[in-house]
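Visitor: The structure follows.
Values quoted throughout were computed directly from the atomic coordinates according to the rules given, and no laboratory measurement underlies them. Source: prediction; values computed, not measured. Don't worry about glycine lacking a Cβ; one is built from the backbone with ideal geometry, like all the others, and counts go over all protein chains shown.
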Ligand SMILES: [Zn+2]
Ligand SMILES: [Zn+2]
């Protein structure tokens, strides 16, 4: 079968190539991939800015249909529509695994970085990793379950948002738009900002429920935030752009005693005035990937229609056009690009 593989370490070295079709072992299932989202992380892996263990098939945002089940599989059957968690294996014994935080396990092996992922016709995952897709979610929208779960972990698990809060989200990409919708579920007032290149995404943000959208190159974000908060600043800021300017702006606009949550991944070390953190007694949190509990919340939120993922997918391409798809993600012109093997 064809797969998009990171062949060796270093910049680039990604190719569409023929690899053997996998066979599920006991307690494993074989998923026929219907849609797999391209993540910023995949671009970082391509550019050698994020660790992977080549040769490995990329893709960790997977949605599809069970094609075959291994021995001893009881929970799912061929034909089931599913999405999958991304940790193929964890040690199960370290303090993180045992306290419900397998995302922090040093032995964690994830699909798309350590073991073969979803940019292929089929992939193998443990039975316990799959979640049945709600009937109301199609395969394309289902490819966003994994990024949504990262956002649930960031916004609902690692940040405390109250209904009366004003939340500022910087960066209206896929992650920003998911975080915005999650912040809205708490009842808070949500401002989302971007640059002029983001005009279409800001419009989408408005359609998906953002209270205020701001183009920082045309409007005065600080005045808008201060206006909405009686001059105090935002109770919560969530940085989703992974950009230095955006991060500094978030630090400047969070109120004293407020919370700063970092969702975006920077491609290089950045310069930030962390005295702001001290002077304003800000609570700063980084959020890495997801925990099992966040998956259950994601599926429930999708089932209840409280978060919409389908409108975020602006481009679908076949596996053969992966290069073009990656280029589109790098260019930042699309919201979410999905490969359909
Ligand atoms: Zn991802
Ligand atoms: Zn562990």
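Visitor: Highest GNM mean-square fluctuation, the chain, Cα pairs closer than 10 Å: which of 180, 17, 263?
Guide: Of the options given, 17 has the highest mean-square fluctuation.
Visitor: Take the alpha carbon atoms of region 234-261, find their center, do the same for region 85-113, and report the distance between the two centers in whole angstrom.
Guide: The two parts, judged by their Cα centres, are 29 Å apart.
Visitor: Pick out which of 307, 76, 237 has the largest mean-square fluctuation in a Gaussian network model of the chain, springs linking Cα atoms closer than 10 Å.
Guide: With Cα springs under 10 Å in the chain, the top fluctuation among 307, 76, 237 is at 76.
Visitor: At q = 0.11, 0.16, 0.25 Å⁻¹, work out log10 I(q)/I(0) for region 2-103 with the Debye formula, treating every Cα as an identical point scatterer and leaving solvent out; two decimals please.
Guide: Debye curve over Cα of region 2-103, log10 I(q)/I(0) at q = 0.11, 0.16, 0.25 Å⁻¹: -0.43, -0.89, -1.27.
Visitor: May I ask you to derive the FRET efficiency for residue 274 and residue 89 from their Cβ-Cβ distance with R0 = 51 Å, giving the value to the nearest 0.05? Don't jump to the answer; show the numbers that get you there.
Guide: On the way: r = 36 Å, r/R0 = 0.71.
Once the sixth-power term is evaluated, E becomes 0.90.
Visitor: If the label point is 7 Å along Cα→Cβ of residue 232, which residues in region 251-269 have backbone nitrogen under 19 Å from it?
Guide: Those under the cut-off are 251-261.
Visitor: Okay, moving on. Starting with the fewest neighbours, write out 312, 168 ranked by other beta-carbon atoms found within 10 Å of each beta-carbon.
Guide: Numbers: 312 26, 168 30.
The fewest-first ordering by Cβ neighbours comes to 312, 168.
Visitor: Would you work out the relative contact order for the chain, in percent, from Cα pairs under 8 angstrom that are 6 or more residues apart? Display every interim value, and only then the final one.
Guide: Numbers: 787 pairs, mean separation 60.5, N = 341.
After rounding, I find 18 percent.
Visitor: Enter the mean projected area of the convex hull around the alpha-carbon atoms of the chain, in nm², rounded to one decimal. All intermediate terms of the calculation are to be shown ahead of the outcome.
Guide: Numbers: hull surface 66.0 nm².
Hull-based average projected area comes out at 16.5 nm².
Visitor: Follow-up question, since we're still on this one. Most exposed first by the Cβ proxy, i.e. fewest other Cβ within 10 Å, how do 91, 179 rank?
Guide: Values: 91 14, 179 32.
Ordered from fewest to most neighbouring Cβ atoms within 10 Å, 91, 179 come out as 91, 179.
Visitor: Right, another one. Pairs of Cα atoms under 8 Å, at least six residues apart: use those to get the relative contact order of region 159-286, whole percent.
Guide: Details: 261 pairs, mean separation 29.7, N = 128.
After rounding, I find 23 percent.
Visitor: Assuming R0 = 45 Å, can you tell me the calculated FRET efficiency for the pair residue 132 and residue 7, based on Cβ-Cβ distance, to the nearest 0.05? Numbers along the way, then the final one.
Guide: Values: r = 34 Å, r/R0 = 0.76.
It comes to 0.85.
Visitor: Rg over Rh of region 159-286, using C-alpha atoms and the Kirkwood radius, what does it come to?
Guide: Numbers: Rg = 13.1 Å, Rh = 14.2 Å.
Ratio of gyration radius to Kirkwood radius: 0.93.
Visitor: Divide by every residue of the chain the summed helix terms, -39500 (n - 2.57) for each DSSP H run of at least 4, and state the resulting mean residue ellipticity at 222 nm, rounded to the nearest 500 deg cm²/dmol.
Guide: Values: 11 runs with 88 residues, N = 341.
It lands at -7000 deg cm²/dmol.
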